[in-house]
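Contents: one structure, followed by commentary.
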Amino acid sequence: LELQLLHAQKMESIGTLAGGIAHDFNNILTAIIGYGDMTLMNMNPEDPQHRNLVFMLEAARRAAALAKDLLLFSRKQISVKKVVDLNEIVRSVEKFLQRIIGEDIDCIMSLESVALPVFADAHQLEQVLMNLATNARDAMPDGGSLSIATERISLDDAFIATHAYGSSGSYALLTVTDTGMGMDDETCRQIFDPFFTTKEIGKGTGLGMSVVYGIIKQHEGHIALNSEPGAGTTFKIYLPLNVTKLTEQEAEVSPEKPVTG
Ligand code: ADP
Ligand code: MG
């Protein structure tokens, strides 16, 4: 437990530090890109410096994307939770995901036939899906398929005991599988560490999965992965099913509202 606490504190200070820097960088880069774009627009494309400026702006945009990721990672993201249907969230990002993964990767959806009410921040869960899809795309440079499935399952005490997850009961299970390059054990162990990346500079920030982890924890959920080099990767995300919880708004209006009756 102590080790976990230490780890959490370390992560928090990294987050605060990164957030401060990212904020300043973001402002600086906005200025650089703004003035750069203006200069570019007023420049003759035949000018020998035109090409250089285009490259400079490209680099600045990459830096801005990194700063944005850092901000996302460090910001004490306040989740605005209400009861939402996980299926709805998956459906709402389907087009977006397809755009992320491109045309060489098939997206196969298989959603539970009944609604899966979870007490969640829809925007954050969308972000989870987008981060997983981005990684899946990077793992399948030669194409493949991305499968997204939802189902309602109940975790019994035996499962909880062996997996050391929260409490038994009904869960919404979100399974995201790719047919990509997979990972060795060493990579699997580090995947949720902030700034851990195997991608080349400019391509990966190493923040996607730590953001995913943080969001799932905030939802009292669990995330597990199964991967093997060359055999693809499967992520399983468990979110407690919620049928009785009120939305925050409702809870504010009638805090005494009885749960049954
Ligand atoms: P980034 O994508 O910026 O590298 P992430 O936190 O999203 O950072 O992922 C960390 C690392 O985990 C990746 O660099 C990659 O090595 C590995 N990884 C994550 N998802 C997958 C996947 N679906 N298939 C293979 N490797 C993955
Ligand atoms: Mg990523």
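The values are calculated or read from the model by the stated rules, or taken from the named source; none is laboratory data. Keep in mind the model is a prediction, meaning the values are calculated, not measured. Here Cβ is always computed from backbone atoms with ideal geometry, including for glycine, and neighbour counts include all displayed protein chains.
Some values worked out for this structure:
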read-out	value
Any hit, region 105-115, residues being under 24 Å from residue 16 (Cα atoms) and exposed (fewer than 14 other Cβ atoms within 10 Å of the Cβ)	no
Residue count, region 172-196 (criterion: out of contact with any helix residue (DSSP H, G or I) (no Cβ under 7 Å at 6 or more places or on another chain) and within 14 Å of ligand 2 (Cβ to nearest atom))	4
Residue that is nearest to ligand 2 (Cβ to nearest atom) [pool: residues in region 208-229 that are without any contact (Cβ under 8 Å) to a residue 60 or more places away in the chain and of a type in the set (Ser, Thr, Tyr)]	213
Qualifying residue in region 210-228 (condition: within 13 Å of ligand 1 (Cβ to nearest atom), at pLDDT below 95 and in a loop (DSSP other than H, G, I, E, B))	no
Region 193-206, subset in contact (Cβ under 8 Å) with a residue 60 or more places away in the chain and near ligand 1 (Cβ under 6 Å from one of its atoms), residue farthest from residue 182 (Cα to Cα)	205
Any helices (runs of 4 or more DSSP H) falling wholly within region 97-194 and containing at least 2 residues that are within 30 Å of residue 71 (Cβ to Cβ) and touching a Phe, Trp or Tyr at 6+ places or on another chain (Cβ under 9 Å)	122-139, 185-190
Set 196, 119, 96, 159: member being within 18 Å of the chain's Cα centre (by Cα), of a type in the set (Phe, Trp, Tyr) and under 23 Å from residue 227 (Cα atoms)	196
Matching residues in region 79-96 - criterion: being part of a helix (DSSP H, G or I) and among the hydroxyl-bearing types (Ser, Thr, Tyr)	92
Tally, over region 197-207, of residues that are near ligand 2 (Cβ under 9 Å from one of its atoms) and modelled with pLDDT of 90 or more	2
Search result, residues across region 131-150 that are surrounded by fewer than 16 Cβ atoms within 10 Å (Cβ to Cβ) and at negative phi	134, 141, 142
Total residues in region 39-57, condition surrounded by 12 or more Cβ atoms within 10 Å (Cβ to Cβ) and either part of a helix (DSSP H, G or I) or in contact with a Cys (Cβ under 8 Å, 6 or more places away or on another chain) (or both)	8
Single residue of 133, 149 found to be small (Gly, Ala, Ser), more than 16 Å from ligand 2 (Cβ to nearest atom) and under 28 Å from residue 83 (Cα atoms)	149
Qualifying residues in region 53-84 (those that are more than 14 Å from residue 28 (Cα to Cα) and touching a Leu at 6+ places or on another chain (Cβ under 6 Å)) - the one modelled with the lowest pLDDT	73
